Amino acid sequence: MIKSMTGFATVTREDERATMTVTVRALNHRHLDLQLRIPQSLAAIESEVRTLVGKRVARGRVELGLSLQLRQTPGVEVEFNEGFGRALEAALDQARARGLVAGALTPGDLLRMPQAITIRDRPVGDDPDAQGAVAAQALDVIAHAIGELDTMRAREGDHLRADVDARRTFVADLVERIATAADEGRAGMEARLADRVRELRTDLQADETAVAQEIVRMAARSDISEEVERFRAHVSHWGALADSAEPCGRKLDFLLQEMNREVNTMGSKADGLRVSELIIAAKAELEKMREQVQNVE
């Protein structure tokens with residue numbers, strides 16, 4: 001199946017707990033390269049997110065970001081450093097015994113000492129049930145966004161396939177015309193050689209059979225029937241790959257290399273007035289196909 005490696009999707013969902021927005025962008029890449037931006041409070045779902053992406057995307061650079069805005073007001077945690085408090089109390093007792101200080105330690109005194117008391121926001125959803133609900137919702141939104149991305153990639157893939165299929169048909173027709181022109185060129189070469197042999201026959205004594213065999217061998221060197229047959233097989237294989245359910249971008253790229261190799265061989269072997277022009281046109285069309293296939297997953 002032909003899918004594009006490029007695509008974009010964004011999904012936003014709101015409920016009484018939070019507002020979540022997932023943005024997914026896919027770009028061309030030789031392998032699957034997944035870049036995640038997920039809040040630290042949801043770091044535990046990263047492996048599941050990677051699994052969700054891997055089920056839908058086989059190749060490409062995927063950038064997935066999740067923004068989370070919780071509706072609940074964060075609580076506050078106050079932590080007293082008991083070790084520091086005991087050490088401070090012992091030091092003050094010694095100072096009082098020497099008459100250096102007087103009076104008791106007040107709460108205000110402790111608040112002025114950052115080592116004594118730590119105040120920080122309590123993460124919303126510290127409750128395991130609430131955390132689990134937020135994580136489940138995040139996974140659902142991410143799955144929805146990945147589905148939207150996959151739909152867009154498939155839609156773009158349909159356009160890519162229409163283009164490369166048209167070019168494949170055109171280049172296949174060019175190769176058939178190359179085969180016809182090469183046959184005509186080979187027949188013309190055989191006729192020219194035969195005429196030349198007849199011109200030289202009065203001056204040279206030659207074995208007629210040997211001369212005929214040499215003409216056949218020279219003509220065989222310009223025979224491209226094998227290359228044409230292999231090219232036809234590649235064209236047929238292309239259709240099978242494009243129709244399969246598996247990602248086929250790499251295989252199509254390799255197949256294009258083989259098709260280009262066959263056309264190059266035809267150009268080096270075939271003889272004929274129109275062959276060169278047709279070879280150049282076929283190679284130009286294969287290059288356009290290669291550029292399009294670079295976008296196929």
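Given their separation in residues at 0.36 nm each and the Cα-Cα distance between them, E258 and L110 gain 45.4 nm when the chain is fully extended. Among residues other than A116 with Cβ under 13 Å from its Cβ, the summed charge is -2 (Lys and Arg +1, Asp and Glu -1). Between the helical axis of 82-97 and the longest alpha-carbon principal axis of the chain there is an angle of about 30 degrees. Among the trypsin sites (Lys or Arg not before Pro) in the stretch 1-99, those placed in a DSSP loop whose Cβ has at most 13 other Cβ atoms within 10 Å are R30, R71, R98. In this Cβ point-charge picture (+1 for Lys and Arg, -1 for Asp and Glu), the stretch 1-115 has a dipole of about 840 debye about its Cα centre.
Between M1 and E226, the C-beta separation translates, for a Förster distance of 30 Å, into a calculated FRET efficiency of about 0.45. Comparing Q94, Q69, Q40 in a Gaussian network model of the chain where C-alpha atoms under 10 Å apart are linked, the largest mean-square fluctuation is found at Q94. Projected label points at N81 and T180, each 7 Å from Cα along the beta carbon direction, are separated by 9.1 nanometres.
What is the calculated FRET efficiency for D15 to A97, with r their C-beta to C-beta distance and R₀ = 51 Å, to the nearest 0.05? The computed FRET efficiency comes out at 0.25.
Projecting the alpha carbon convex hull of the stretch 6-158 along each direction and taking the average yields 13.2 nm². Note on surface exposure: E46, E184 rank E184, E46 by accessible area, highest first, 1.4 Å probe. The local environment of H31, defined by Cβ-Cβ distances under 13 Å, has a net charge of +2 under the rule Lys, Arg +1 and Asp, Glu -1.
Helix 46-56 and the longest principal axis of the C-alpha atoms of the chain enclose an angle of approximately 20°. Note on percent of Cα pairs over 23 Å apart: of the candidates (i) 65; (ii) 72; (iii) 53, the value calculated from this structure sits at (ii). Within the shell of other residues whose beta carbon sits under 15 angstrom from the beta carbon of V263, the net charge comes to +1, with Lys and Arg scored +1 and Asp and Glu -1. Taking the Cα centre of the chain as reference, the dipole from Cβ charges on Lys and Arg (+1) and Asp and Glu (-1) amounts to some 620 debye. Largest GNM mean-square fluctuation among L66, L100, L278, using the chain with Cα springs under 10 Å: L100. Site pair Q69 and A44 shows an inter-label distance of 2.6 nm when each label is modelled 7 Å from Cα along Cα→Cβ. Compared with the dominant Cα axis of the chain, that is its longest principal axis, helix 225-243 is turned about 30°. Along the axis of the charge dipole computed for the chain (Cβ charges of +1 for Lys and Arg, -1 for Asp and Glu, origin at the Cα centre), the listed residues V24, S276, Q294 are led at the positive end by V24.
The values are calculated or read from the model by the stated rules, or taken from the named source; none is laboratory data. The shown structure was predicted, so the numbers you read here are calculated from the model rather than taken from an experiment. FYI the Cβ positions are ideal-geometry reconstructions off the backbone, even for glycines, and counts take in every protein chain you see. Accessible surface areas use protein heavy atoms only, side chains included; no ligands, DNA or RNA. Shrake-Rupley method; radii C 1.70, N 1.55, O 1.52, S 1.80 Å.
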